[in-house]
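Let me begin by presenting the structure, written as structure tokens, before commenting on it.
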Amino acid sequence: MIEYIVREDIVVSQGCLDMSTQKQKKTREKLSVPEEVSMRSLNDLGEVLTKLKAEVEKGNVKYITPYMLATTYNITISDAKKVLNEAVKQGFMKLYSGGRRVKIYVPA
């Protein structure tokens, strides 16, 4: 004799599960992201580099990390790393500590 257990619209036989009788999954709605929240594109990285150079020349920057640059100028951390590497190539920033996780840059 097969016993059926009925609980919260799910019918399960004791020996096997029938896919047609299980509860249907709910569909998720996609969230739309406003354009103003989106990150900057690669074309704006030159602008970020010039702003960083101006801040360094003013003397407002003692040190900077990729996270600090990303949050200040609303760019991704990978783009911030690219900007800081370019700043080292141009000579106005210097790598102070290149640890495994966080790199710290100081004005040259």
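A compact table of results
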{"item": "Listed residue pairs exceeding 26 Å between alpha carbons, taken from Lys30/Lys103; Lys30/Lys81; Lys53/Lys81; Lys58/Lys94", "result": "Lys30/Lys103; Lys30/Lys81"}
{"item": "Arg100/Asn74 FRET efficiency (R0 30 Å; Cβ-Cβ; nearest 0.05)", "result": "0.70"}
{"item": "Shape box of region 57-108 [Cα atoms, principal axes, largest first, Å]", "result": "24, 23, 18"}
{"item": "Given charges at beta-carbon only (K, R positive; D, E negative), |dipole| of region 41-107 in Debye", "result": "360 debye"}
{"item": "Cα→Cβ-extended label distance, 7 Å offset, between Glu47 and Lys62, nm", "result": "3.0 nm"}
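Quick note: the coordinates plus some simple rules give every number you see, no bench work behind them. None of the values given here were measured: they were computed from a predicted structure. For neighbour counting, all protein chains shown are included, and Cβ atoms are generated from backbone atoms with ideal geometry for every residue, glycine included.
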